[in-house]
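The values are calculated or read from the model by the stated rules, or taken from the named source; none is laboratory data. Everything numeric in this text was worked out from a predicted model, so none of it was measured. Using ideal geometry, Cβ is built from the backbone for each residue, glycine included, and neighbour counts are taken over all protein chains shown.
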Amino acid sequence: MSLVKSIGKQKVNLEFNKDFIDLFNQKIKSNDIAFINKTFADYHPADIANLIENLDSDTRNKLIEIEAFNIEPEIFVELNESLQFEVLQLLKPESIAKILRNLESDNALQILEKLEETKKKNVLDKLSHQDRFLLQEGLSYPEDSAARIMQREFTAVPSEWTVGQTIDYLRESKELPEEFLEIFVVDKDFKPIGTVPSSRVLRTSRDSKMKSIMREVPVLISVNMDKEEVGLTFENYNLVSAGVVNKDNKLIGMITADDIVTVVQEEAEEDVLRLAGVGDEEITDGVLKKTKRRFSWLLLNLFTAIIASVVIGFFQEDIEKVVALAVLMPIVASMGGNAGMQTLAVTIRAIAKKEISSGNFFKIVTKEFVIGILNGIIFAVIAAIIVQFWFNESGLSILIAVAMILNMIVAGLFGILVPISLKKFNIDPALASSVFVTTITDVIGFLSFLGIGSLFFLN
């Protein structure tokens, strides 16, 4: 079943059913370009992108290679990054250049940076001098900087202009963006000094000066500012848009809220995927590609699991004497691991939002220590009662209680110390923290449970 409604002349298909996808596959294989073009014209670009993503790799390649087929820019930008890269490999430089000409500069830059150097040069050669210059300048900035997400299309007027002059300029100029909410007010050196909502311009008398109705710019974005920091700036100051300035504080671009939504979404997805050890994996990636990405992470987990097993091996004789130890070990390890991952998730979010500083570091660590003690005591009592009813052994009950408290404290401490330490060494905490935290809690859990048991309770 598919849910369809219309926006203008285009249908919006919220879910393509299997029959339609199968039909579309057949039309591609038979080179029915008329059907393909009609489908693309009838539906929203986002839904067409979804349809293309549902095709298998061979059919998708055949679609792109059909001579009379041209993928529209609006469709291309809706594809996931993995498919964008795949399509770019198939498209000729002329087709890529056509896509770039019809996109805003920030979107064009994101596409261009995916190309290998030779193809990138060929595409740039087919663009106008102005477009080529702006894109090359954008590529010269760091990958995660504000320059990579800003758009060059913005509206700026001198502070001495009247509202009437501004309105006439907006009507007559052909170089302005198609849509804009704010107008930047600049001084004689083209440095931004304020902004005016377009609605205020329309509601103000023509003889009023722009500087008299502007609101001062709360913050300006440096062209080299990290895009995560840009996102935090938008959140802190409730910005709709913000001007981007170069080293001379001259206005060279702007960033809008929709750009920030994309950044926040990408960063959140990236952190979640890295915590799971799957990197930038997309649902459309092939089996071999997915396997390759997951292999190294799973291999690392194998070695860390061996470390935990070695610790268990030290107490093999004790385990053989008291089989209950083997039964209860996973409880201690899993509780510590889960507690550690809870702290880890909160810490990584706090690092991403820059909420942890030298001023509050010890306060936060102390808080996690106390949380570890409280959770440890609570679950130590619960676990001890269960073990007592299960095995009717007071020694085992006390043992699991002590081990539970120790492991929960360790989980809380290392759940915050590991990601912060990795951050200090410029290692992405989302990428490696989970392995270290899990290994530490497993080792400490087994060591405390079996070690304390061997020394005090089982002799």
Does S145 qualify as being at pLDDT below 90, crowded, with 16+ Cβ neighbours inside 10 Å, farther than 25 Å from N61 by Cβ and not β-branched (V, I, T)? no
Residue identified as within 23 Å of L455 (Cβ to Cβ) and assigned by TED's automatic domain parsing to the domain that holds T343 among S394, S434: S394
In segment 122-139, residue surrounded by the most Cβ atoms within 10 Å (Cβ to Cβ) [restricted to those that are out of contact with any Lys or Arg (no Cβ under 8 Å at 6 or more places or on another chain) and either β-branched (V, I, T) or closer than 16 Å to V245 by Cβ (or both)]: V123
Is it the case that some residue within segment 236-258 is in contact with a Lys or Arg (Cβ under 6 Å, 6 or more places away or on another chain), part of a strand (DSSP E or B) and not charged (D, E, K, R)? yes
Would you say S159 is without any contact (Cβ under 8 Å) to a residue 60 or more places away in the chain and surrounded by 15 or more Cβ atoms within 10 Å (Cβ to Cβ)? yes
Boolean, D280 is over 17 Å from A147 (Cα atoms), modelled with pLDDT under 75 and surrounded by 16 or more Cβ atoms within 10 Å (Cβ to Cβ): no
Near pairs, Cβ below 6 angstrom, 6+ apart or cross-chain, from segment 162-174 (touching a residue at least 40 places away in the same chain (Cβ under 8 Å)) to any residue that is loosely packed, with under 15 Cβ neighbours inside 10 Å: T162/D207; V163/R206; G164/R206
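Going through segment 320-338 one residue at a time, which ones are more than 45 Å from the chain's Cα centre (by Cα) and β-branched (V, I, T)?
Keep residues of segment 320-338 that are more than 45 Å from the chain's Cα centre (by Cα), which gives 320-323.
The answer is V322, V323.
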The one condition I331 fails out of (1) at pLDDT 80 or above; (2) within 17 Å of S433 (Cα to Cα) is (2)
Inside segment 167-226, the number of residues satisfying the requirement of being closer than 18 Å to I252 by Cα, of a type in the set (F, W, Y) and not in a loop (DSSP other than H, G, I, E, B) is 1
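Could you pull out the residue among E137, E113, E104 that is over 21 Å from L176 (Cα atoms) and either touching a helix residue (DSSP H, G or I) at 6+ places or on another chain (Cβ under 6 Å) or of a type outside the set (A, V, I, L, M, F, W, C) (or both)? Before the answer, list the steps.
On the way: E137 fails: over 21 Å from L176 (Cα atoms); E104 fails: over 21 Å from L176 (Cα atoms).
Result: E113 is the single residue among E137, E113, E104 that is over 21 Å from L176 (Cα atoms) and either touching a helix residue (DSSP H, G or I) at 6+ places or on another chain (Cβ under 6 Å) or of a type outside the set (A, V, I, L, M, F, W, C) (or both).
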Close pairs from segment 108-134: first farther than 16 Å from L91 by Cα, partner at pLDDT below 90 and exposed (fewer than 15 other Cβ atoms within 10 Å of the Cβ), Cβ under 6 Å, at least 6 apart: none
